[in-house]
Every structure is written in structure tokens, then in C-alpha cells.
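S.K.: Before anything else, here's the structure in question.
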Amino acid sequence: MATMDQRDDPDKKGDELKAQRFQMLADIAKELSGEVVFPTYFDAVLRLRKALHDPEISITNLAQVISTEPLISAKLLHLANSAAFNSSGQQILDLKSAIIRLGLNAVHTASLSIVMTQLMRAKGMAEFADTTHALWEHSIQTSAAAYVLAQEMTRLIRDEAMLAGLIHDLGAFYMLYRVTQYAELRHRPDTIKYLIVQWHESIGVSLLNALGLPEEIVEATIDHDRLRSAPVIIKNMSDIIYVANMLSGGHIEWQAQDQPTLSAEICSLKEQYSHLQPAIDALASELRGSLQ
């Protein structure tokens, strides 16, 4: 990590500023090769993920693990009682019932999304409020699109698709969080946007691997912003994330500005999957209301 004297000078220019950009990337690479540092509430998701992947854990014990995190507990109960997951209209008031209704994959996805919203509010992130809001909206929409595509077009597990859609741009969130530690970069939004456009995918893949996400989900996020021919038939998770990402805007606004051909690709995909858009928008609205 850069030392304090390296980071506190907001007036670096030219070669010095370029060197600072590379220093940040080098710091990120070093961190990803060891122990990843996120705000403390990210630890809750890592602990929860470990519990979810314990084949011996009971639903009762899992509920006890989740209950130690009040924010996650409250949000999971809210989500379980939302229209998206409560078609019967029967309200539930305990975590064990919420876990059963949502399913383990949905519990993991929801918990991660809750923490991502907290990450957006971390100290120093206020300067990037517009950017983080755009990223969050895109992530929610992509997550909903991935779920609906998996449900309607494939036999893949829809909850896994939802998780992959939610975290496909986690590298961008992580880069923004790391930028808050470099004063001279915080005040140069165009520089930050350029770095994120160029590096968020590769850093995201390394980050997801470091966090121990399933290989299929990690691989599905590779090159999700790289324009390619849309699959005629959706066959795997990578196809789902590519299509879901494009249906949800392709990528964040500043990146699309450098790729004018993207608009035509998005229009074509939106027409092809227009029959699914109402379901996607409805689920995105449910998720947005339940997870914020």
C-alpha cells in the first residue's frame, strides 16, 4: 500500500500523476495476491459464505450465523416477504423460514448485495456518489436480467445466475473503494473512469477468485463488456451474463461513449428479448426496494 506521503499530495501532474496511477494498480495487484482488504462489513459475507458451503450445517445453525448480522437479517426477512419471493402472500417472521423460502443461493446473493450497498457508503465514497449509484443500478438490473434469462431460456440455476449478474462489476466497486486512499486521484474523476474502464474486468476476476467465488461464476464475468456476436441460443453462464449485461445498458455510461457500435448491439438484443423485459423490470424493482 502506498505510504501517506505518496498519497496526500493532490497537486501531482504529468509523469508524477501517471506514476501514481500505476502505483495504485500495483498496490491492488499486491493486495489481490494476498489478503483482500474490504470494509469490515464485507467480512460478514465471507463468514456467511463459509457457513453456506458447510455441508454439515443445519438451517437452524445457519439462521444463528446470519442473526449475528442485524442488517443482513432484517433485509433477508424483507426480501423473503416481498412479492418476488412470496407468491402465496403468507408473511414469515423468522430467519429460518426466510432462508427456506429464499434458498441458499438467494441468501448468499442478497447478503452480498446488502454489503455492496454499504460499501457505496464507506468513508470517502461520497465523492463518487453518481458513479457508485450508476454501477449499483446497473448491477441490480443485470442481476434481475440474468435470473429471468436463466429461468426462461435455460436449465441453469437461476439463483447462481442472479449472483453472477450482481457481482459482474464488483471489480469497479473495489477500484473505487481503493481510490479513496489516494487524495490526488479522488479529485480527478476522468482519470478514475479511465482506469476503471481499462482494468475493472481483469481486477474483478482476480478479486472474485481471491474471495473464493465458484469457478463457473468467475469465468462468466470474463470479457462481459467486450462486444461480440450475441449467442443465438444461450448455453452457459457466460452467455447469460453477456446478454444480461448488454440488456442492462452494456456498461456504465462513460464506457459506452467510446464504443458507438454498442448502441446497435443493445438495440438488437433488446428487440430479441423484449418479451422478457417486463419480468426483468419487475424483479429489478423488487430487488431495488428490498436490498437498499
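The numbers here are math on the coordinates, done by the rules we state, and not lab data. On a predicted model such as this, the values are computed, not experimentally measured, just so you know. Glycine gets a Cβ as well: all are built from the backbone with ideal geometry, and neighbour counts include every protein chain shown.
S.K.: Per-residue counts of other Cβ atoms within 10 Å, averaged by peptide: what ranking do you get for 88-94, 234-240, highest first?
M.R.: Ranked by mean Cβ neighbours within 10 Å, highest first: 234-240, 88-94.
S.K.: Please compute the length gained on full extension between residue 58 and residue 232, using 0.36 nm multiplied by the number of residues separating them and subtracting their Cα-Cα distance.
M.R.: Value of the extension gain: 58.5 nm.
S.K.: Also, I was wondering about something else. Based on the Cα coordinates of the range 151-229, what is the per residue volume of their convex hull in Å³?
M.R.: Enclosed volume per residue, from the Cα hull, is 107 Å³.
S.K.: With the Cα gyration tensor of the range 39-120 giving a ≥ b ≥ c as the square roots of its eigenvalues, does the rule (a/c under 1.5 for rounded; else a/b larger than b/c for prolate; else oblate) give rounded, prolate or oblate?
M.R.: It comes out oblate by the Cα gyration axes.
S.K.: From the phi angles alone, apply the Karplus equation (6.51, -1.76, 1.60; θ = phi - 60°) to the range 105-119 and give each ³J(HN,Hα) in whole Hz, x where the residue is Gly or Pro.
M.R.: Once θ is set to phi - 60°, the couplings for the range 105-119 become 5, 5, 4, 5, 4, 4, 5, 5, 5, 4, 5, 4, 5, 5, 4 Hz.
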